[in-house]
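Below is one structure, written out as structure tokens; the observations come after it.
The values are calculated or read from the model by the stated rules, or taken from the named source; none is laboratory data. Note that the coordinates shown come from a computational prediction; the quantities given were computed from them, not determined experimentally. Cβ placement follows ideal geometry from the backbone for every residue including glycine, while neighbour counts extend to all protein chains displayed.
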Amino acid sequence: MATNSYYKTLIFLINEGTRIGLIGVNGTGKTTLLAGLAGTAPFDAGSVDTPKNYRIAYLAQQPALPQGDTIMDAVYGGDAPVFAAIREYEAALAAYGDAPMSDAVQERYTKPWPRWTRLMGGMPRPRLRRS
């Protein structure tokens, strides 16, 4: 079986907060590159240089999820503050959908809005209406 080498030298920089995606035909090494960057599979040669306290997250093509978990659970299950904010926001939104007239639910949905906006990169402010 022949082995292809798609990269002889690969140098790139991903800035803090940047999200990336790789596009290419099947078999060109996208998954291998991401797995190597995330440290879940070794590279044949070379190194990955990262700042201190840096973490790379990677969701495999065929993830082994705990029983009952969904892909969304895996994507938003990280411990980064933005993921905690997204989970909190989703729970507050669900509670608001169940009881939109509840003062406690409305406060749960509107009070943390400035923090959510800061962590999630800007969101339109909710406008709650009373009937």
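Is it the case that the range 52-70 has a residue that's outside any loop (DSSP other than H, G, I, E, B) and under 19 Å from the mean Cα position of the chain (by Cα)?
If we filter the range 52-70 for residues that are outside any loop (DSSP other than H, G, I, E, B), which is where we start, we get none.
No, that holds for no residue.
Could you tell me whether A2 is modelled with pLDDT of 80 or more, out of contact with any helix residue (DSSP H, G or I) (no Cβ under 8 Å at 6 or more places or on another chain) and either on the phi < 0 side of the Ramachandran plot or aromatic (F, W, Y) (or both)? No.
Tell me which residues, restricted to the range 85-111, are hydroxyl-bearing (S, T, Y) and touching a residue at least 12 places away in the same chain (Cβ under 8 Å).
Y89, Y96, Y109, T110
Can you pull out the residues in the range 75-114 that are outside any loop (DSSP other than H, G, I, E, B), of a type in the set (D, E) and within 30 Å of P63 (Cβ to Cβ)? E88, E90, listed by residue number.
Annotation note: Cβ proximity below 9 Å between a residue of the range 6-17 that is on the phi > 0 side of the Ramachandran plot and a residue that is surrounded by fewer than 10 Cβ atoms within 10 Å (Cβ to Cβ) and part of a loop (DSSP other than H, G, I, E, B) (sequence gap 6+ or interchain) occurs for G17/G121.
Condition check ((1) modelled with pLDDT of 85 or more; (2) surrounded by 11 or more Cβ atoms within 10 Å (Cβ to Cβ)) across all residues:
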| residue | (1), (2) |
| --- | --- |
| L59 | no, yes |
| Y76 | no, yes |
| P81 | no, yes |
| A104 | yes, no |
| R130 | no, no |
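Is it the case that K30 is among the basic types (K, R) and surrounded by fewer than 13 Cβ atoms within 10 Å (Cβ to Cβ)? Spelling it out, it is not the case that K30 is among the basic types (K, R) and surrounded by fewer than 13 Cβ atoms within 10 Å (Cβ to Cβ).
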